[in-house]
Amino acid sequence: MGGFFSCLPLFGVFAVVWRRLKCHAPGCHRIGLHRTADGLYVLCRKHHPDVPDNLTLEHIQKSHVNAKAKKEV
């Protein structure tokens, strides 16, 4: 009974994972790794407002220090 119908659950799992990880910006099909501040949306690097176009190590370190400072206060 192997064949196309035995792969349907696998396609379903792939569709659910893709929908969950896909950038929520309309028309964008990139993988979204960055959540918005309210946590409702997942956006890719291009569409997230806090991620600059030219991400550098200095930006990452500054963001880390700012997050730690907010947590301590």
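Over the stretch 1-40, all Cα pairs binned in 10 Å intervals from 0 give whole-percent P(r) values of 26, 37, 23, 12, 3, listed from short to long. Basic side chains Lys and Arg get +1 at the Cβ, acidic Asp and Glu get -1 at the Cβ, and with that the dipole of the chain about its Cα centre reaches some 80 debye. Estimated from helices alone, the mean residue ellipticity of the chain at 222 nm is -13500 deg cm²/dmol (sum of -39500 (n - 2.57) over DSSP H runs with n ≥ 4, per residue). Note on the chain: GNM, Cα springs under 10 Å; of 62, 46, 22, the largest mean-square fluctuation is that of 62. Database remark: amide H of residue 34 closer than 5 angstrom to the amide H of 43 (H placed geometrically; neighbours at sequence offset of 5 or more, or on other chains; Pro and chain starts carry no H). Spacing of the modelled spin labels on residue 70 and residue 31, each 7 Å from Cα toward Cβ, amounts to 2.5 nm. Using Cα atoms only, what is the angle between the long axis of helix 57-72 and the major principal axis of the chain, expressed in degrees (0 to 90) to the nearest 10? Tilt relative to the chain: about 80 degrees. Expressed as a whole percent, the accessible area of the chain that falls on carbon and sulfur atoms is 64 (1.4 Å probe).
For the chain, averaging the sequence separation of C-alpha pairs within contact (under 8 Å, six or more residues apart) and dividing by the residue count gives a relative contact order of 16 percent.
Viscosity 1.306 mPa s, temperature 10 °C: give me the Stokes-Einstein translational D for the chain in µm²/s, with Rh taken as the Kirkwood radius over C-alpha pairs.
Values: Rh = 14.9 Å.
Estimated via Stokes-Einstein, D reaches 106 µm²/s.
Taken per residue, the accessible surface of the chain reaches 89 Å², heavy atoms only and a 1.4 Å probe.
The values are calculated or read from the model by the stated rules, or taken from the named source; none is laboratory data. Nothing here was measured: the structure is a model prediction, and the numbers come from that model. So basically every Cβ, Gly included, is an ideal-geometry build from the backbone, and we count neighbours across all protein chains shown. Side chains are part of the model used for accessible areas, which takes the heavy atoms of the whole protein and leaves out ligands, DNA and RNA. Shrake-Rupley method; radii C 1.70, N 1.55, O 1.52, S 1.80 Å.
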